[in-house]
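One structure below.
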Amino acid sequence: MHTVLGTRHGGARRALLLRGCRIAGEAAAGDERDILVGEDGRIASIGHRLEVGPDVIGVDLRGALVSPGFVDVHQHLDKTGVLKFTPNPSGTLQGAREAFARYARQAPEDDVTRRAARTMERCLARGTTAIRSHINVDKDAGFNGINALARLRSEWADRLTLQLVAFMTPHPNQDIEWLEKNIDAAVEQADAVGGTPAVAEDPMRYLDILFAAAERHGRPIDLHLDEHLNPERPLFDAVFERVRRFGLQGRTVLGHA
Ligand SMILES: [Zn+2]
């Protein structure tokens, strides 16, 4: 797969001619067309064997599929590439959570930046141009992850659209007061509010804190819901009631359900 990242040569932008493309969703098998990308980075024309001037850079894509950039709606860029630092002999989800919390407590801030940037680079090289990432904010990670990713979001803005979910992570025996005290500062840097209500000691109070913050800051909600195997305690109804109460219809995503 090729990803055409830009046309900047010697400081000035130049037009690009992508030759012999099979366009996703449009071309019949074997139908190859050229795509002319203008100096402004936008598609100027599509056709068979386009004639262009000598200033245009040609890229031979003969037979390659050309599609819009991929959108990845669920990543954890603060946790990418930590497997070797976070052994989890129990093999359980809770074991993994604790291993990451231990690691996050001592990881320097530039460590998140390095790991996240490397994964973003790989995603971009394989065609992903937009990512929504959940970033832990809790007593262990503090604001390390969200600060680092907020900087990357602006540094990468012309290549990759990054959306950050302030993921207010509750841990067993962790008082909810820390999350409540720090949620505004976290959400100010984020594009959405998230968390894992099933893990909170008081899921109802926790959900109220998240939804109230989303309403205060005008942000959507993106939760990891019912990340457990107990059919006796699903939280969907509690979430739906709050979606209505806080007016977040159409702005709520439930994942890991
Ligand atoms: Zn997740």
Q) In the stretch 223-251, how many are within 21 Å of the chain's Cα centre (by Cα) and either loosely packed, with under 12 Cβ neighbours inside 10 Å or away from the ligand (no atom under 16 Å from the Cβ) (or both)? A) 3
Q) His256 passes all but one of (1) at pLDDT 95 or above; (2) open to solvent by 70 Å² or more (accessible area, probe 1.4 Å); which number fails? A) (1)
Q) If we keep just the residues of the stretch 64-76 that are within 16 Å of the ligand (Cβ to nearest atom) and open to solvent by less than 70 Å² (accessible area, probe 1.4 Å), which is nearest to Arg159 (Cα to Cα)? A) Asp72
(Q) Need the failing condition index for Ala130 against (1) in a helix (DSSP H, G or I); (2) touching a residue at least 60 places away in the same chain (Cβ under 8 Å); (3) aliphatic (A, V, I, L, M), just the number. (A) (1)
Q. Which condition breaks for Pro170 when tested against (1) within 20 Å of Val73 (Cα to Cα); (2) open to solvent by less than 40 Å² (accessible area, probe 1.4 Å); (3) within 16 Å of the ligand (Cβ to nearest atom); (4) not in a strand (DSSP E or B)?
A. (1)
Q. Does His134 satisfy being within 15 Å of the ligand (Cβ to nearest atom), in contact with a His (Cβ under 7 Å, 6 or more places away or on another chain) and at pLDDT 90 or above?
A. yes
Q.
Between Gln75, Gln94, Gln106, which is of a type outside the set (A, V, I, L, M, F, W, C) and either more than 30 Å from Asn173 (Cβ to Cβ) or modelled with pLDDT of 95 or more (or both)?
A. Gln75
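One line per residue, one yes/no per condition, for (1) assigned to a loop (DSSP other than H, G, I, E, B); (2) in the same structural domain as Leu160 (by TED's automatic domain parsing); (3) away from the ligand (no atom under 16 Å from the Cβ):
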| position | (1), (2), (3) |
| --- | --- |
| Asp78 | yes, yes, no |
| Lys84 | no, yes, yes |
| Ser90 | yes, yes, yes |
| Tyr103 | no, yes, yes |
| Val112 | no, yes, yes |
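The values are calculated or read from the model by the stated rules, or taken from the named source; none is laboratory data. Just so it is clear, the model here is predicted, and its values are computed rather than measured. For neighbour counting, all protein chains shown are included, and Cβ atoms are generated from backbone atoms with ideal geometry for every residue, glycine included. Ligands, DNA and RNA are stripped out before the accessible areas are found, and what is left, the full protein with its side chains, is counted by its heavy atoms. Shrake-Rupley method; radii C 1.70, N 1.55, O 1.52, S 1.80 Å.
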